[in-house]
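Peer 1: Sharing a structure here in structure tokens format.
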Protein chains: 2
Amino acid sequence: MKRTSRDIRTANRYEVLRQIIAASPTSRQELAAATGLSLATVATLVGELLDLGMITEVGFEDSAGGRPRGLVAVHASGGTLIGVDIAETYVRVELFDLALKVLARADEEMRPGESRPEQVVGHVAAAVGSVVAQAGAEGARVLGVGVSVPGQVDRATGVCEYAPNWDWHDVPLLDLLAEHIAYPLYLDNPLRACAVAELWFGAARGSGDAVVVNLGTGVGAGLVLGGGLHRGVSNSAGEWGHTTLVLDGRPCHCGDRGCVETYVGAPGIMRNLREVDPDSPLLHDGDQTATIDALARAVAADDPVALETVRRTARYLGAGIADLVNLLNPQVVVLSSWVAAALGEPLLREVREAVARHALRRPLTGTRIVLSPIPTDPVCLGAATFALEGALQSVGQRVRSRTVSTS
Amino acid sequence: MKRTSRDIRTANRYEVLRQIIAASPTSRQELAAATGLSLATVATLVGELLDLGMITEVGFEDSAGGRPRGLVAVHASGGTLIGVDIAETYVRVELFDLALKVLARADEEMRPGESRPEQVVGHVAAAVGSVVAQAGAEGARVLGVGVSVPGQVDRATGVCEYAPNWDWHDVPLLDLLAEHIAYPLYLDNPLRACAVAELWFGAARGSGDAVVVNLGTGVGAGLVLGGGLHRGVSNSAGEWGHTTLVLDGRPCHCGDRGCVETYVGAPGIMRNLREVDPDSPLLHDGDQTATIDALARAVAADDPVALETVRRTARYLGAGIADLVNLLNPQVVVLSSWVAAALGEPLLREVREAVARHALRRPLTGTRIVLSPIPTDPVCLGAATFALEGALQSVGQRVRSRTVSTS
């Protein structure tokens, strides 16, 4: 729990690389100014990153009157990272260079009923094989594979303890994946993947305290506190979707009632729509994606049923986000995941108004509420970032190789 | 936001002194083992604490075969600390030695209507003068005065931005106090005072992540995250009392409805009692303390109305605490403040059951729920701890003296 000097060194290494990725090329002096670290510390960390081949020297810049300063930049082709987004109905895999640019992508659809771990692992292995093949020579230098699975995961053991969508209990997912994938593997869930993506590349960059609200089929809040991911004592912090908004309200699949998720997750929004107009043509029964897309188009066309549905949803969402503001007083709340992306600005406007009605003045004045600026799949990006963090963490220690052969 | 090496050094200094206070006498070797810090770091920090006169060398112990190890202990008479608890109806001031033992106490009652800042400041100054006088020679060496005021405070400026009980807005409380009190002053609120008291001396000691639930007239949650107090971007984190438990529920003085505080604060509990039995003889209209005390005695006597009232209260409280468990996944939730102390074990039992009904399994298995073990006023103790932290923080920097003369 307490931070050791090793943790601090790792956190500083993250911070310096984050800054280099954001502002290449840059000098050690600029990095020291941007991170608050001493020039000596920055020089040491830059040396480690150069040794790892993650950054390169790219020349010199004049300094006013002094001697020229060495410039470093991210070494985009120094290796690749793979991010895996296992969702309810699909598996998406992306391969990134070290500037976190997508070089290759593969999607696998999962049919209803495909819920056994072996089936899901098969899709992941196929898609990973595909992106590696697409990337050709680049694909040979994969530093690691980050895997996001929607559920509660034990990072240390690689076990998925509970995944509600497929009713998985204690599935040794990382071991199953390691039978097919020969690269270092890192398991976590979409909440934390989206949060780390915002922390490295999105709206939480430079924020000490941020909340990344994930609006999809499931709902949660990835917490960035004190400049790093807050995981909790058993890596299960962030279950905001299962906090109570309406005591004794709508039944939730978790067994409780009135959970935030039942009002603002995709199925909850469908129910909000049904309450506004039970016969709405926007409703695509059993198809969340089609319904949310239809709703977004109807909002753009000023359809009154759609507008009222977004307003009701924002009313619930705003009360729930106000709770996060009052409790955590963060600098920024980021709306992320596919439902937030689909409903976009119209949802954001209503949410901001609703939060202002519910939150206390003092915590709220410190907080911005924004849509995620990440243009690609934030879960893939975040999962790849876990692999990047893993590679940075293993500096000076042997990486445990987990595997037998590639798929 | 990011932790500098100075922050880390301060946090380590806290940690070492905390450990010495908990286990005097102790050796540098034991301190290194208990804190995870290197022996060299511990030796440096112990040196600083010796220089400050906060600890002393107290002899040697044999080490198996090696040379004798020097022992250090807290230097109880090395100085004193004052903690001030400004509450709704009283001001309590305690003077502590450096082992945080109470040496003197003074209480001032505030009459209804005494709500002007000058009146409150007058009571504080009188009580501080009283404990200094009681302590005699000890009173001459006050290292600092921590002041807790129920409201939203800006620590840096010493301004109380909002105190709902007296309708204070932007009161420069620290400046007003400094006209009467010549010692270094530290301002914060009871949420954070209780949290820091648990972190240093209570149930959160040694925990990375803990939530200290404050049950009084007002309600809140002091957050210990990553081994330190979580303050948020404008020092207003922890307003759990104003998170929504029942959307559109009971009206709250904050202007919103359905806030946790309206169900589990002392006035909320009185309302729960009234709903069970509108004519209950336990009700002392307008007197929260008398009602809560009567309720506690009736619970001890198995009075069915009292038992049902506690059960209803615990049902609300359990749902609200389950939200904290699901969101933050802490190691421990501590029930603190006067309502928790009065209702004690019977409330704790019901709360544990209610939390188990509402929280997710994985976050909950990592979390203990306990009553505060602190036997004295936790707000005074925590306020004095802020003064202790202030004295430790100022090592190597000049303390800004804020004042003119003693009261």
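The values are calculated or read from the model by the stated rules, or taken from the named source; none is laboratory data. Nothing here was measured: the structure is a model prediction, and the numbers come from that model. Don't worry about glycine lacking a Cβ; one is built from the backbone with ideal geometry, like all the others, and counts go over all protein chains shown.
Peer 1: Would you be able to say whether some residue in segment B:225-246 is more than 22 Å from B:Cys160 (Cα to Cα), more than 7 Å from every other protein chain (Cβ to nearest Cβ), without any contact (Cβ under 8 Å) to a residue 60 or more places away in the chain and not in a loop (DSSP other than H, G, I, E, B)?
Peer 2: no
Peer 1: Ok, one more. Taking segment B:367-397 as the region of interest, how many residues are assigned to a loop (DSSP other than H, G, I, E, B) and at pLDDT 90 or above?
Peer 2: 7
Peer 1: Does any residue of segment B:361-371 turn out to be of a type in the set (A, V, I, L, M, F, W, C) and more than 14 Å from chain A (Cβ to nearest Cβ)?
Peer 2: yes
Peer 1: Let me ask something else about it. Here are some residues: A:Asn214, A:Asn189. Which one is closer than 24 Å to A:Pro375 by Cα, surrounded by 24 or more Cβ atoms within 10 Å (Cβ to Cβ) and in the same structural domain as A:Val145 (by TED's automatic domain parsing)?
Peer 2: Result: A:Asn189 is the single residue among A:Asn214, A:Asn189 that is closer than 24 Å to A:Pro375 by Cα, surrounded by 24 or more Cβ atoms within 10 Å (Cβ to Cβ) and in the same structural domain as A:Val145 (by TED's automatic domain parsing).
Peer 1: Please tell me if B:Tyr14 is in the same structural domain as B:Leu143 (by TED's automatic domain parsing) and of a type outside the set (Asp, Glu).
Peer 2: In short, no.
Peer 1: With surrounded by fewer than 20 Cβ atoms within 10 Å (Cβ to Cβ), in the same structural domain as A:Gly366 (by TED's automatic domain parsing) and among the acidic types (Asp, Glu) as the only criterion, which of A:Glu275, A:Glu261 stands out? Give the derivation first.
Peer 2: Details: A:Glu261 fails: surrounded by fewer than 20 Cβ atoms within 10 Å (Cβ to Cβ).
Answer to the selection: A:Glu275.
Peer 1: Then there's this: Scan segment A:27-47 for residues that are away from chain B (no Cβ under 14 Å), within 19 Å of A:Ala11 (Cβ to Cβ) and surrounded by 14 or more Cβ atoms within 10 Å (Cβ to Cβ) and jot them down.
Peer 2: A:Arg28, A:Ala43, A:Val46
Peer 1: Being assigned to a helix (DSSP H, G or I) and of a type in the set (A, V, I, L, M) narrows it down to one of B:Leu81, B:Leu31, B:Leu71, B:Leu37, so name that one.
Peer 2: Testing whether each residue is assigned to a helix (DSSP H, G or I) and of a type in the set (A, V, I, L, M) leaves just B:Leu31.
Peer 1: For segment A:48-65, which residues satisfy the criterion of being surrounded by 13 or more Cβ atoms within 10 Å (Cβ to Cβ), without any contact (Cβ under 8 Å) to a residue 60 or more places away in the chain, of a type outside the set (A, V, I, L, M) and under 22 Å from A:Leu143 (Cα atoms)?
Peer 2: Correct list: A:Gly53, A:Thr56, A:Glu57.
Peer 1: Quick one: is A:Leu360 closer than 24 Å to A:Ala87 by Cβ and hydrophobic (A, V, I, L, M, F, W, C)?
Peer 2: no
Peer 1: Go through (1) without any contact (Cβ under 8 Å) to a residue 60 or more places away in the chain; (2) over 20 Å from B:Val159 (Cα atoms) for B:Leu177 and report which single condition fails.
Peer 2: Failed condition: (2).
Peer 1: Right, B:Asp302: assigned by TED's automatic domain parsing to the domain that holds B:Asn214 and on the phi > 0 side of the Ramachandran plot or not?
Peer 2: When the stated conditions are applied, B:Asp302 passes them.
Peer 1: Out of all the residues in segment B:59-71, is one or more within 28 Å of B:Thr376 (Cα to Cα) and either modelled with pLDDT of 90 or more or among the polar types (S, T, N, Q) (or both)?
Peer 2: no
Peer 1: On to the next question. Go through segment A:150-167 and report how many residues are within 12 Å of chain B (Cβ to nearest Cβ) and either surrounded by fewer than 21 Cβ atoms within 10 Å (Cβ to Cβ) or not aliphatic (A, V, I, L, M) (or both).
Peer 2: 8
Peer 1: Would a scan of segment B:374-382 turn up a residue that is at negative phi and free of Cβ contacts under 8 Å to residues at least 12 places away in the same chain?
Peer 2: Within segment B:374-382, one or more residues are at negative phi and free of Cβ contacts under 8 Å to residues at least 12 places away in the same chain.
Peer 1: Can you pull out the residues in segment A:1-26 that are assigned to a loop (DSSP other than H, G, I, E, B) and away from chain B (no Cβ under 13 Å)?
Peer 2: A:Ala23, A:Ser24, A:Pro25
Peer 1: Checking the condition outside the structural domain of A:Ala11 (by TED's automatic domain parsing) and farther than 20 Å from A:Pro378 by Cβ, which residue from A:Glu118, A:Glu94 passes? Walk me through it before giving the result.
Peer 2: Numbers: A:Glu94 fails: farther than 20 Å from A:Pro378 by Cβ.
The match here is A:Glu118.
Peer 1: Also, quick follow-up: So B:Arg6 clears everything in (1) more than 23 Å from the chain's Cα centre (by Cα); (2) surrounded by 15 or more Cβ atoms within 10 Å (Cβ to Cβ); (3) among the basic types (Lys, Arg) except one condition, right? Which one?
Peer 2: Going through (1) more than 23 Å from the chain's Cα centre (by Cα); (2) surrounded by 15 or more Cβ atoms within 10 Å (Cβ to Cβ); (3) among the basic types (Lys, Arg) one by one, B:Arg6 breaks only (2).
Peer 1: Can you tell which of A:Pro172, A:Pro251, A:Pro184 is over 15 Å from the mean Cα position of the chain (by Cα), closer than 24 Å to A:Leu381 by Cβ and surrounded by fewer than 24 Cβ atoms within 10 Å (Cβ to Cβ)?
Peer 2: A:Pro184
Peer 1: Further question: Of everything in segment A:198-211, what is at the interface with chain B (Cβ under 10 Å from one of its Cβ atoms), part of a loop (DSSP other than H, G, I, E, B) and crowded, with 24+ Cβ neighbours inside 10 Å? Give them in sequence order.
Peer 2: Within segment A:198-211, A:Asp209 is the sole residue that qualifies.
Peer 1: Oh, and also: Among (1) more than 18 Å from the chain's Cα centre (by Cα); (2) among the small types (Gly, Ala, Ser); (3) not in a loop (DSSP other than H, G, I, E, B), where does A:Gly113 come up short?
Peer 2: It is condition (3) that A:Gly113 fails.
Peer 1: Out of the residues in segment A:313-351 that are polar (S, T, N, Q) and within 14 Å of chain B (Cβ to nearest Cβ), which is nearest to A:Gly202 (Cα to Cα)?
Peer 2: In this case the residue turns out to be A:Gln331.
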